[in-house]
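Enquirer: For reference, the structure I am asking about is given below.
Computed from the coordinates by the stated procedures, all read-outs in this text should not be read as laboratory data. All of these numbers come straight from a predicted model, not from anything done at the bench. Note that each Cβ is placed from the backbone with ideal geometry, even for glycine, and that neighbours are counted across all protein chains shown.
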Amino acid sequence: MSTEGLVIGRTNAGKTSFCLRLARVLGIRELNWLVERTDGVTQRRRMNVREAEEILTSGDAHQTRELQTLILSVPRGKADRVIRVTDTAGLADGLHQDAAVRKAMAQTLRSMLQARVVFHVIDAASVGQALKRARDVSAFHLDYLDEQMIALGKSRQTYVVLASKMDLPAAREGYRWLRQHLDKGCVVPISAREGTGFQEVKRHVWRLA
Ligand SMILES: Nc1nc2c(ncn2[C@@H]2O[C@H](COP(=O)(O)OP(=O)(O)OP(=O)(O)O)[C@@H](O)[C@H]2O)c(=O)[nH]1
Ligand SMILES: [Mg+2]
């Protein structure tokens, strides 16, 4: 399945919520998903955004276990262009005991190589909380997986970090730290819950159209 925009990140970072909010912001009510199961079979699913929000983001870890590609229609000149944004299974440190989760993570890493734009979702509120707990902030770093994804992402032309959950109290601190840590990299603060930050997100999405 061809992938244009790819959404990656740790489990529970807010990837699916981001995709659903993006669809809303683009004025889409009826979602059109292509779901690639870990056994390679692709299925088409349709549902409305509200229904999807209830089913897809219940807050359990490893909620998303397949590549789910949103087919989005974006205005471009006189005609609309169709773009594909793929939501992935969340990555977690260590070898997960569940084979289905391991397969889903491998599938996520493979699709990183093919995507045109990679959106890396990092929970800014969790980063902020971790910073508060840290004894030495100057030695603070993210979890191994996030650091690896940043290293991989930096080697690409189009890599955007989405500092998520900005509506939560500790997120400001987390965002500030992420901006410094990413140096010249692109960090966009967003809240999928409140819909903030999506004007800038849309600019990156236009590049796919
Ligand atoms: N406060 C707040 N909570 C959020 C936001 N975005 C997501 N969440 C919550 O964070 C939890 C995880 O969100 P998901 O969108 O399912 O995260 P995910 O990265 O797709 O998770 P996996 O599929 O398990 O990897 C859910 O309880 C969401 O309601 C946000 O902007 N603000
Ligand atoms: Mg998900």
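Enquirer: Which cross-chain or sequence-distant (5 or more) residues have an amide H under 5 Å from the amide H of Leu162, H modelled 1.01 Å from N in plane?
Expert: Excluding prolines and chain starts, which carry no amide H, the hits are His120, Val121, Ile122, Val188.
Enquirer: Could you work out which residue, out of Tyr159, Tyr144, Tyr175, moves most in a Gaussian network model of the chain, that is, has the largest mean-square fluctuation with Cα springs under 10 Å?
Expert: It is Tyr144.
Enquirer: Would you mind getting me the FRET efficiency between Asp143 and Glu54? Use the beta-carbon distance for r and R0 = 22 Å, nearest 0.05. Display every interim value, and only then the final one.
Expert: Working: r = 29 Å, r/R0 = 1.31.
Approximately 0.15, to the nearest 0.05.
Enquirer: Show that you can apply the helix-only estimate: for the chain, add -39,500 (n - 2.57) for every DSSP H stretch of four or more residues, divide by all residues, and state [θ] at 222 nm to the nearest 500. Working shown, then result.
Expert: On the way: 7 runs with 76 residues, N = 209.
Computed ellipticity for the chain at 222 nm equals -11000 deg cm²/dmol.
Enquirer: Highest first, please rank the peptides 11-22, 72-83 by the mean number of other Cβ atoms sitting within 10 Å of their residues. Don't jump to the answer; show the numbers that get you there.
Expert: Numbers: 11-22: 23.7, 72-83: 13.1.
The packing order, highest mean first, is 11-22, 72-83.
Enquirer: Follow-up. With springs connecting C-alpha atoms under 10 Å apart, model the chain as a Gaussian network and identify which of Val25, Val41, Val118 has the largest mean-square fluctuation.
Expert: In this elastic network of the chain, the residue with the biggest mean-square fluctuation among Val25, Val41, Val118 is Val41.
Enquirer: Taking a 32 Å limit on the Cα-Cα distance, which of the listed pairs Lys132/Lys154; Lys78/Lys103; Lys103/Lys165; Lys15/Lys132 fall beyond it? Kindly include the intermediate steps, with their values, before the conclusion.
Expert: Details: Lys132/Lys154 27 Å; Lys78/Lys103 41 Å; Lys103/Lys165 27 Å; Lys15/Lys132 24 Å.
Checking Cα-Cα distances, Lys78/Lys103 exceed 32 Å.
Enquirer: Still on this structure: Taking H placed 1.01 Å from N in the peptide plane, check which residues at least 5 places from Leu67 or on another chain put their amide H under 5 Å from its amide H.
Expert: The list, which skips near neighbours in sequence, is Glu36.
Enquirer: Hey, could you grab the Kirkwood Rh for the chain? Inverse mean 1/r over distinct alpha carbon pairs, Å, one decimal.
Expert: Details: mean 1/r = 0.0578 Å⁻¹.
Over the chain, the inverse of the mean reciprocal pair distance is 17.3 Å.
Enquirer: Considering Cα pairs under 8 angstrom that are at least six residues apart, work out the relative contact order of the range 19-168 and quote it in whole percent. Walk me through the numbers before you get to the answer.
Expert: Numbers: 185 pairs, mean separation 26.9, N = 150.
Computed value for the range 19-168: 18 percent relative contact order.
Enquirer: As an exercise, take the mean of 1/r over every pair of distinct alpha carbons in the range 117-161, invert it, and state the Kirkwood radius in angstroms. Before the final figure, lay out the partial values.
Expert: Working: mean 1/r = 0.0862 Å⁻¹.
About 11.6 Å, per the Kirkwood formula over Cα pairs.
Enquirer: Next question, about the same structure. Could you order peptides 189-196, 48-55 by the average number of other Cβ atoms within 10 Å of their residues, highest first?
Expert: The densest-packed peptide leads the list: 189-196, 48-55.
Enquirer: So, R0 is 41 Å and r is the distance between the beta-carbons of Leu109 and Glu194; what FRET efficiency does that work out to, to 0.05?
Expert: Calculated value: 0.85.
Enquirer: Now a separate question. Using a ≥ b ≥ c from the Cα gyration tensor of the range 128-198 (square roots of the eigenvalues), is it rounded, prolate or oblate, where a/c under 1.5 gives rounded and otherwise the larger of a/b and b/c decides, a/b for prolate?
Expert: On the way: a/c = 2.04, a/b = 1.02, b/c = 2.00.
Oblate shape, in that a/c is at least 1.5 and b/c is the bigger or equal ratio.
Enquirer: Sticking with this one: Assuming 0.36 nm per residue, please report the length gained on full extension of the stretch Trp206 to Ser73 beyond their Cα-Cα distance.
Expert: In short, 46.8 nm is gained.
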